[in-house]
Every structure is written in C-alpha cells, then in structure tokens.
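Peer 1: Just passing along the structure, written as structure tokens.
Derivation of every value follows stated rules applied to the coordinates shown; laboratory data play no part. Because the structure is predicted, anything quoted here is derived from the model rather than measured. Don't worry about glycine lacking a Cβ; one is built from the backbone with ideal geometry, like all the others, and counts go over all protein chains shown.
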Amino acid sequence: MKRWMLALGLSAMLGLAHGADTPGTEPAKVFRYAFPIAETGFDPAQISDIYSRTVTPHIFEGLYGYDPLAMPVKIRPLIAAGMPEASADFRTYTVRLRPGIYFTDDPAFKGLKPGERRELVAEDYVYSFKRFADPAVKSPMWNSVEEIGLLGLAALRKQALASKKRFDYDREIEGLRALDRYTLQFRLQQPRPRLLETLAQNDLFGAVAREVVEAYGDEIMGHPVGTGPFVLKQWRRSSLIVLERNPNYRNMQYEAEPAADDAEGQAILARLQGRRMPMIDRVEVSIIEESQPRWLSFLNAEHDLVDRVPPEFVNIALPQNKLAPNLAKKGMHLHRVLNADSSFTFFNMEDATVGGYGPDKVALRRALSLSLDIEREIRQVRRGQAVVAQSMVLPHTSGYDPQYKSEIGDFDPARARALLDLYGFVDKDGDGWRDMPDGAPLVIEVASQPDALSRQYDELWQRNLNAVQIKARFFHGKWPEQLKQARAGKLMLWFLGTTATGPDGIGALQRMYGPQSGNQNLSRFKNAEFDGLYERMQVMPDGPEREALFLQAKRMQAAWMPMKTHVHRIVNDISQPWLIGYRRPLFRNEFWQFVDIDNSQRH
C-alpha cells in the first residue's frame, strides 16, 4: 500500500513541478499519461521496443504518415511533396521533398549564420537509412532494412565489417540517392509493391541529421533532434519523459478523412479541422510498471489517458464491456478495439531442451502449446479482453482470416500428455516429473518480469505445466534486459507481445524468417521452405495468390511450433473528458499532435 501511495505522491509532485504556469498567462496544455514498461532511448536506428517507438515519431518525421481518422487506413504525404513515383516493376521509387522544412535548433549545427536554420534535405534520408547498416550502430532493425533490398546497402555494410574500418557514409550507392537537394530515389533489388508502408513508419525512418549524430556520439539516444512537432526537454531513464511543443514547427493544420458513417470521427473532425498542430504545449510520460498506481493515477486525474486499462481493473471499469456508470458520469470516454497485435511465446530453436527440428522436439513444443489454457488466460488474467489466436498473423492486416482455425488455438492436455508419452518424455526416476528421452530432467525455464501482472501469467504457466507433469523454473528480469537476453539467444522461452506497423501481414511472418534470427525472429527458426515462401510474398502484389501463401505460412507455424500465439488483444483505453480528439492509433505510434486539452473541463 505504501509503495503505490508514494508513487502517486511523486506523480502529483511531478505534475505540479512540470505543469506550472506563469502568472498572467493561459494555463499550459499538458498531456499526461504513463507507459507500463520503460523505454530504451530515442535514436531511431537503435530502438525496436514499442515505448521508445512511441516517442520518436513525435520528434522525427518520415516521408509519409497516416490519416488520423481514416478507416480503412490511408497513407498521406508528410515530408514528401506528394505520393512516390513508382516504376512499373516496383523497383524504383522517386520521392520529392517539400522545401523549407527545418530541424530543431541545436548546438550541433555549427557554421550557420545568425537567424539561419538547418534545412531538411534529401541527403538526410540517405544518411538516416544508411545508419541502420552501420555495424557500429548495432541496429536491431538492420535485418528489416536489409529486406527492403536497397541496391548496394548490404555491400557497404559488408565492406565495413570486412575492413574493420568506419562505415563509409560518403560512398554513394545505387539504391539510395539524393538526385538533388529535394529529390530522393530508392532503387531495389526486387519488386517491393508495398514500400510506401515502410516509408510511413515515422518511428524508425524519420530523418536524422548527421551533424547531430556525430556531435553526440554514444550519447545520441538521449539527444534526439528532428523536424517534428515536439522536442525532448527532460529524460529520467525508466522514470519520466517530457516533451514540449516545437516552437518553430511549420504550419501544419489538422486534416482527416473519416468515413461518412463514422460518427465519432466526424465529430472529432468538426471540432479540430484546420487547427494548427500541435495543439498541446507539453507531454509528460511517467513509467509506472505496476498496474495499481498507474490506474489510480488516472482515477485521481493525474493522468489524462489510461493506455490499456490494466486487466485486474477491467471488471470494475468495464462491466459487460461498457464504461462503468460512475466513470461515464465524470465524462470519461471508452476507446475499445480489437487491436492489430498478438501476445505469443517463442521457443528458442537453438536451445538444448525445447529447440531442434527432430520429431521429439517438435512433439515437445506442440505438447507445451496444447497444455496452455488460453481461454483461462483470457478469462482470469485478461478479464475477457482478448480472443484466442490461431496464427501469428494479426487482425486488420493482409493474411488475417477470422474464420481460420488451427491447433495453435487448441487447449488439449490429454493430447499433450499422449504426445509426450509417445516421444519418450516420461517419468523415468519416479519423482513425479517427466524426464527427457535420455533420462535427463525435463525442466522448462520460463523468462518473466518482476511485476504483479507477470506473476499472474507465471501462475498460469505453473498450473498448466503441472497438469502435464512438467517441471517449470521461473526467472525474472526487467523487460529491456530480457529483450537483450532474448536477442542473444539466451532464453529458452519468453512470453511477450507484438503490434503491426502497417497493413501488410508479412511483418508478423518475420517472426519465423531465418535471416531475422536474433531480431524479429526471436525463436531463431530456420527453414528453407518458409524462407522461400516469405521471399516470394515480398515481391508479389496483393491478391488471392499471395493470400494462399499466407495460409501456407500459418500451417507451417502450427506444424513446427517455433512460437505459440496466445491471443489478439481487445484494447480498452479510457480518456478524461478534457482530452479531445483521441483515437487509438492503428499502424502508427504517433498521436500527440492530433489531440487537444480543454483545461476548462479539468476538475
């Protein structure tokens, strides 16, 4: 009790300290909410976690972005002057930039005349994409950038690795060129019909200035300088992130195209259309890992949004999946959606216990999958706010079929026990626990986190594995540290989530694509047939033939079981009445510039 009271007190103090107004001025519009997991930093080339990637697109800007209200989603120009010019074979794309867009002022920009500002030019995007290939950056997203197939980029990386010299940023490559100050050209090894979706990922592919990177060096994670609507003002790692309105942000007005029958979207548009962005002055993001203080901070009006109502409070906040009368009476708003995400457990295919491709190891992973009671997980831990997943492909993306059914969605402990018996995972020493076929103890090591919600998942794992006589051992670590261990191949298995970054479902298939091992493919699954299927899908236009390959990929997941997909989550956000224009983003992480704060409604 004392712990969460202290957290609330500190949160209130921070709110007073950072949100104070100057006498005689209008109250600052401050948007406050909390992340449940800590960020890692704010250098687009060095991050992959969703929390850091929620901050970066508010500082950096990519060539394209998403309409804030359109459904189905619509990509529109942001820095680009128009849509890209694509060749007939989808291997050459030309993008023209808007002139007169400037980076935030920073001491790193030397040699400028008084009053002069550093303009964003095409060469900045060339440099930004090259940074993913620089071995010294150690980008966790390099494999994803490599898949784009920019001609010459992989070769430039290999040269740096072979020579052990600095990456040659000045060497021009065919696949990534600034044709002039404001014209950018991408040339690709193979067709990429959906490159536009990649260019709309502002969290990763916003423009970074070379002078800034070189000035701050190893400290660049804490010194983001972009062209976006906000600037970083304060960062206490794993505690508080503060951004303020970019005072020199260009004149960007709120525009959107909600569907004609989208009543909520039309109401937001009517209220905000034509407003200059950003409409708020400051954003304060606290890191509150425990659910109770995060929820109470919202109820006490210290936060303006609860991003995902914690499962343990769903029954109180959302009886019968509707906003509780006491919350509705306060004017709060519920934002409920089946999200384009999933939670999953990966099995390390290189691990001596659960890894491998032999029939016995496949049987063990399938038995573990069958032993997990996902309906109980949804009912008890998630409080009904999810649906059972049948594959890794995410809702709202290509390849997703709500009618598809597979073994991945089955809970069948009897079949699990039969599989284990058949392949020799039986109790050989009479201690009541199953052993490996060679007689060694069978122990499943479950990675987890030291928070209350994770402990509930641990209890489910323990219950499920006990039912099939498998011994479990749990070890806990902070989420960023567990991610490092997972990428290094040091975890046997781990339970985590993923969210789509675009409408193409192929992003989820990276979880099993061999060249993504250690990055998106945390299971380190390697299968030539699957890799070939994935690579064919990359170059194919959308259509029935590509959808058929999605089906084949889903069946391979169920057959080999390198990862067990648990659920697709129903996300419930609740906003205070004074937060105007909020709608949970789909395929984008930025939204702060699209909302307003009405201080007159604050209590």
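Peer 1: Cβ neighbours within 10 Å, averaged per peptide: list 88-94, 550-556 in order, most packed at the top. Don't skip to the answer; put the middle values down first.
Peer 2: Details: 88-94: 14.7, 550-556: 18.6.
Sorting 88-94, 550-556 by mean packing, highest first, produces 550-556, 88-94.
Peer 1: Putting +1 on Lys and Arg Cβ atoms and -1 on Asp and Glu Cβ atoms, find which of GLY432, MET141, GLY65 reaches farthest to the positive end of the dipole of the chain.
Peer 2: Sorting the options by dipole projection puts first GLY432.
Peer 1: Here's another thing I want to ask about it. Relative contact order (percent) for the chain, with alpha-carbon contacts under 8 angstrom and 6 or more residues of separation?
Peer 2: Working: 1181 pairs, mean separation 113.8, N = 603.
Computed over the chain, the figure is 19 percent.
Peer 1: Can you give me the long-range amide H partners of ILE101? Hydrogens built in the peptide plane at 1.01 Å from N, cutoff under 5 Å, separation of 5 or more residues or another chain.
Peer 2: The answer is LEU120.
Peer 1: Just the Cα atoms of the stretch 147-274: what Rg and Dmax do they give in Å?
Peer 2: Every Cα atom of the stretch 147-274 included, Rg and Dmax give 19.8, 60 Å.
Peer 1: With point charges of +1 on the Cβ of Lys and Arg and -1 on the Cβ of Asp and Glu, referenced to the Cα centre of the chain, which listed residue (VAL388, LEU483, ALA548) lies farthest in the positive direction of the dipole?
Peer 2: Looking along the dipole axis, the top candidate is LEU483.
Peer 1: Moving on to the next point. ALA209: net charge of surrounding residues, Cβ under 14 Å, Lys/Arg +1, Asp/Glu -1, itself excluded? Spell out each step's value before the answer.
Peer 2: Details: positive: LYS110, ARG117, ARG118, LYS130, ARG131, ARG210; negative: ASP43, GLU61, ASP105, ASP106, GLU119, GLU123, ASP124, GLU211, GLU214.
Charge balance in the 14 Å sphere: -3.
Peer 1: Please compute, over every Cα-Cα pair in the chain, the percentage with a separation greater than 30 angstrom. If you can, show how the numbers build up before the last one.
Peer 2: Details: 100290 of 181503 pairs.
Cα-Cα pairs in the chain separated by more than 30 Å: 55 percent.
Peer 1: Using a simple charge model, +1 on the beta-carbon of Lys and Arg, -1 on the beta-carbon of Asp and Glu, nothing else, what dipole does the chain show about its Cα centre, in debye to the nearest 20?
Peer 2: On the way: 77 positive and 76 negative charges, 80 e Å.
About 380 debye.
Peer 1: Report the Cα centroid-to-centroid distance between the stretch 212-227 and the stretch 541-603 in angstrom, as an integer.
Peer 2: First find each Cα centre; the distance between them is then 30 Å.
Peer 1: Relative contact order for the stretch 341-570: what percent, with Cα pairs under 8 Å and sequence separation of 6 or more? Write out the running numbers ahead of the final one.
Peer 2: Details: 403 pairs, mean separation 79.7, N = 230.
It rounds to 35 percent for the stretch 341-570.
Peer 1: Counting Lys +1, Arg +1, Asp -1, Glu -1, what net charge surrounds PRO191 among other residues with beta carbon under 9 Å of its beta carbon? Walk me through the numbers before you get to the answer.
Peer 2: On the way: positive: ARG91, ARG192; negative: ASP89.
Charge balance near PRO191 sits at +1.
Peer 1: Hey, any idea what the orientation-averaged projected area of the convex hull of the stretch 484-603's Cα atoms comes to, in nm²? It would help to have the intermediate numbers written out before the result.
Peer 2: Numbers: hull surface 42.1 nm².
So the Cα hull casts an average projection of 10.5 nm².
Peer 1: While we're here: Roughly how far apart, in whole Å, are the Cα centres of the stretch 120-186 and the stretch 360-391?
Peer 2: That distance is 41 Å.
Peer 1: Would you compute, from DSSP H runs of 4+ residues alone, the mean residue ellipticity of the chain at 222 nm, taking -39500 (n - 2.57) per run and dividing by the full residue count, rounded to the nearest 500? Display every interim value, and only then the final one.
Peer 2: On the way: 19 runs with 176 residues, N = 603.
That comes out to -8500 deg cm²/dmol.
Peer 1: Enumerate the calculated ³J(HN,Hα) couplings along the stretch 460-474 in order (Karplus 6.51 cos²θ - 1.76 cosθ + 1.60, θ = phi - 60°), each rounded to whole Hz, writing x wherever the residue is Gly or Pro.
Peer 2: Rounded to whole hertz, the list is 5, 4, 4, 4, 5, 6, 4, 5, 10, 6, 10, 6, 10, 10, 10.
Peer 1: What number comes out for the charge environment of ASN321, summing +1 per Lys or Arg and -1 per Asp or Glu over other residues with Cβ under 13 Å away?
Peer 2: Values: positive: LYS322, ARG336, ARG382, ARG383; negative: none.
Local net charge: +4.
Peer 1: By count of other Cβ within 10 Å, fewest leading, how are MET279, MET392, MET221, MET512 ordered? Present the calculation step by step, with values, prior to reporting the outcome.
Peer 2: Working: MET279 20, MET392 24, MET221 17, MET512 28.
Fewest to most other Cβ atoms nearby, the residues stand as MET221, MET279, MET392, MET512.
Peer 1: Then there's this: Please turn the phi angles of the stretch 284-298 into ³J(HN,Hα) values with the Karplus equation 6.51 cos²θ - 1.76 cosθ + 1.60 (θ = phi - 60°), one per residue in order, whole Hz, x for glycine and proline.
Peer 2: Each residue's phi maps through the Karplus curve to give 10, 10, 8, 9, 10, 6, 7, 5, 4, x, 5, 5, 5, 4, 5 Hz.
Peer 1: I need the peptides 500-510, 154-164 ranked by packing, meaning the mean over residues of other C-beta atoms within 10 angstrom, with the highest value on top. Could the numbers behind the result be given before it?
Peer 2: On the way: 500-510: 22.7, 154-164: 13.6.
Top of the packing list down: 500-510, 154-164.
Peer 1: A further question follows. Find the relative contact order for the stretch 46-223 and round it to a whole percent, using C-alpha pairs within less than 8 Å whose residues are 6+ positions apart. Spell out each step's value before the answer.
Peer 2: Details: 285 pairs, mean separation 56.5, N = 178.
RCO, the stretch 46-223: 32 percent.
Peer 1: I've got another one for you. Packing-wise, with mean Cβ within 10 Å as the measure, how do 483-490, 195-202 rank, highest first? Mind dumping the intermediate values first?
Peer 2: Working: 483-490: 15.6, 195-202: 22.4.
Per-residue Cβ counts within 10 Å, averaged per peptide and sorted highest first, yield 195-202, 483-490.
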